[in-house]
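A quick write-up on the structure given underneath.
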Amino acid sequence: MARIEYLKQQIARAERLARAILDQQTAARLQAFAAECRTELSELTLKTAA
């Protein structure tokens, strides 16, 4: 459960920063990181549900 909460926090933080930052390259990297975290989060949730 700790990893799931950590990923949720990282997703929220990365998305918040991506909206606030003016540098488009950095914003794109933050959004990509959030997408990676979302993928891992969905995999973990499927494993815990099974």
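Label positions at R13 and A49, each projected 7 Å from the Cα along the C-beta direction, are separated by 2.7 nm. Compared with the dominant Cα axis of the chain, that is its longest principal axis, helix 2-20 is turned about 20°. Taking a ≥ b ≥ c as the square roots of the eigenvalues of the alpha-carbon gyration tensor, segment 2-49 is classed prolate because a/c is 1.5 or more and a/b outweighs b/c.
By the scheme Lys and Arg +1, Asp and Glu -1, what is the net charge of all other residues having a beta-carbon under 15 Å from that of L22? Intermediate results must be reported in sequence, preceding the final value.
On the way: positive: R16, R19, R29; negative: D23.
Net charge in that neighbourhood comes out at +2.
Bear in mind that the values in this text are calculations on the coordinates, not laboratory data. The structure displayed is predicted, hence computed values, not measured ones. As a convention, Cβ positions derive from the backbone with ideal geometry for all residues, glycine included, and neighbour counts pool all protein chains shown.
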